[in-house]
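All remarks here apply to the structure that follows.
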Amino acid sequence: MRAVVYNGPRDVAVQDVPDARIEKPTDVLVRITSTNICGSDLHMYEGRTDFPQGGVFGHENLGQVVEVGEGVDRVKVGDWVAIPFNIGCGFCKNCERGLSAFCLTTADRSQFPNMAGAAYGFADMGPYRGGQADLLRVPYGDYNCLKLPPDAEERQNDYVMLADIFPTGWHCTELAGMRPGESVVVYGAGPVGLMAVYSAMIKGARMVMVVDRHPDRLRLAESIGALPIDDSKGSAVDQVMELTNGIGADRGCECVGYQAHDPEGDEHPNMVMNDLVKSVKFTGGIGVVGLYVPQDPAPQDPLYKQGEIVFDHGLFWFKGQSIGTGQCNVKAYNRQLRDLISAGRAQPSFIVSHELPLEEAPNAYQHFDARDDGWTKVVLKTAA
Ligand SMILES: [Zn+2]
Ligand SMILES: [Zn+2]
C-alpha cells in the first residue's frame, strides 16, 4: 500500500510499505479515503519529536471497512467510519471513565513505564502506523470505529473532522469550563483554534475573541462570528482587556502549543500560557489542547529540552484560575458532534482549503508547515 513516510526533518515521501492487515481478532481494517494533515503532524515533520524515521503519519482518518477480525461484532464490512485519533481499549480504568486519550491497555510503555494513551502515527504514542495511507489497522475496532450515517461518502470533509480537531476544539472549551453566555478568548486560529471558536459559538458564547497574526486564519474566524485580534499589531492581552472592559475573558483556550512564537519568529514555549493567565478574568478557566511534549530534541528555549517553561504561577494562583490540559478524549464527544453534522447544525469542513491526492502529501506538508497564505487545512484523498 502507499503511505506518507517520515524520512527525517522536513522530508516525507509517498512510498510503498507492507499492507496494513488484521493482526488480532478485535481488529478492523479500513480502506482510508480521507486523511488530514494536522498541526501536530508538523512538530514531528520538523523533527521536534522523537518520531521514528520510516514511520507513517496520519491520525485524522475516515474510510470504509474492508475486513473485520473474528472477534468484531458491531462493525461490518462496508461501513463508513470516522476513527478517533486516540486508540482506546474500552475496558481499562481510564477508558471506562471516558478518558480514552489515556488508555492503559494500548499505551507503549517502552519509554515511560506508566505511559497512558496511544494514537496512530504519533510520537511517543505507540508503534501504531498512521492512516495517511491506503489502509489502516484499527485495534479494538468495535470501540474505535464511529459509524457514520448514509451521507458519509458525500460529506467526508465534514465527518473526517470528527477524528480529531472538531472534538479537540470542543474539548478545549470543556476543559476551560465554558458555559452559555460567557466570553471566550482562543489563542491560535489554526484548525484546532478555529474548531474551538466554532464549538464556543455552537455552545452559546456571548463573545469569542481569537488571537493570531495570519490574515487568512483571522478572516476565517471572523466569518463564523469571532472578533479577530492580530497580535502582530499590538499586545494580545491589551486587546482582550479592551474588549472586556478591563476584566478579561471568562474562559481561555490554548490552541497553539510549545512552538508558540512571537511575530519575529522566535519561539517562547511559555508565551501563550502566560498571556492566557493575564487575559482570563479572576476565577476564570483555561483549557490547553495545544501540544506540549516532555522532551524537545531541538529546543529553541534551553529549558524546554525537558519540557519545562517559566510559568506565571503567582498571578495564576492569585487570580484563582483553573486549568485543564491534555489530549482530547475523542470518544467522549464524537457521537454528539457527528449528529450535529448529520442534522446540518455543524459544518466543520468550512476550514478545508485544500483537497489533494495522497501523492501530493510532500508538497502539502511543505506549504502547510510554512503557514503559506490560504493553506488552512489539507485533506488528502487516496482515490486515484
Ligand atoms: Zn490532529
Ligand atoms: Zn483503555
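The values are calculated or read from the model by the stated rules, or taken from the named source; none is laboratory data. All of these numbers come straight from a predicted model, not from anything done at the bench. No Cβ is skipped: glycine too gets one built from the backbone with ideal geometry, and neighbour counts run over all protein chains shown.
Here are some notes:
A quick yes/no check of all residues on (1) touching a residue at least 24 places away in the same chain (Cβ under 8 Å); (2) in a loop (DSSP other than H, G, I, E, B); (3) crowded, with 21+ Cβ neighbours inside 10 Å; (4) out of contact with any Leu (no Cβ under 6 Å at 6 or more places or on another chain):
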position: 36; (1), (2), (3), (4): yes, no, yes, yes
position: 44; (1), (2), (3), (4): yes, no, yes, yes
position: 64; (1), (2), (3), (4): yes, no, no, yes
position: 71; (1), (2), (3), (4): yes, yes, no, yes
position: 75; (1), (2), (3), (4): yes, yes, yes, yes
position: 90; (1), (2), (3), (4): yes, yes, no, yes
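- The listed residue being of a type outside the set (D, E, K, R), within 16 Å of ligand 2 (Cβ to nearest atom), on the phi < 0 side of the Ramachandran plot and in contact with an Asp or Glu (Cβ under 6 Å, 6 or more places away or on another chain), out of 102, 85, 91: 85
- Residue tally, condition within 16 Å of residue 331 (Cα to Cα) and within 16 Å of ligand 1 (Cβ to nearest atom), over segment 89-121: 6
- Residue among 173, 168 that is within 16 Å of ligand 1 (Cβ to nearest atom), buried (at least 17 other Cβ atoms within 10 Å of the Cβ), touching a residue at least 60 places away in the same chain (Cβ under 8 Å) and of a type in the set (Val, Ile, Thr): 168
- Condition met for residue 127 (more than 16 Å from ligand 1 (Cβ to nearest atom) and over 26 Å from residue 46 (Cα atoms)): no
- Test: residue in segment 133-145 that is farther than 30 Å from residue 274 by Cα, free of Cβ contacts under 8 Å to residues at least 60 places away in the same chain and basic (Lys, Arg): no
- Flag for residue 216 being surrounded by fewer than 18 Cβ atoms within 10 Å (Cβ to Cβ) and at pLDDT below 95: yes
- Answer residue from segment 47-62, given it is within 15 Å of ligand 1 (Cβ to nearest atom), farther than 20 Å from residue 143 by Cβ and not polar (S, T, N, Q) and is surrounded by the most Cβ atoms within 10 Å (Cβ to Cβ) among those: 57
- Single residue of segment 149-165 satisfying the filter (within 14 Å of residue 84 (Cα to Cα) and among the aliphatic types (A, V, I, L, M)) that is surrounded by the most Cβ atoms within 10 Å (Cβ to Cβ): 161
- Filtered residue count, segment 338-357, keeping only those that are over 29 Å from residue 260 (Cα atoms) and outside any loop (DSSP other than H, G, I, E, B): 6
- Condition met for residue 380 (at pLDDT 95 or above, buried (at least 20 other Cβ atoms within 10 Å of the Cβ) and of a type outside the set (S, T, N, Q)): yes
- Within segment 105-130, the residues that satisfy the criterion of being among the polar types (S, T, N, Q) and either within 13 Å of ligand 2 (Cβ to nearest atom) or assigned to a helix (DSSP H, G or I) (or both) are 105, 106.
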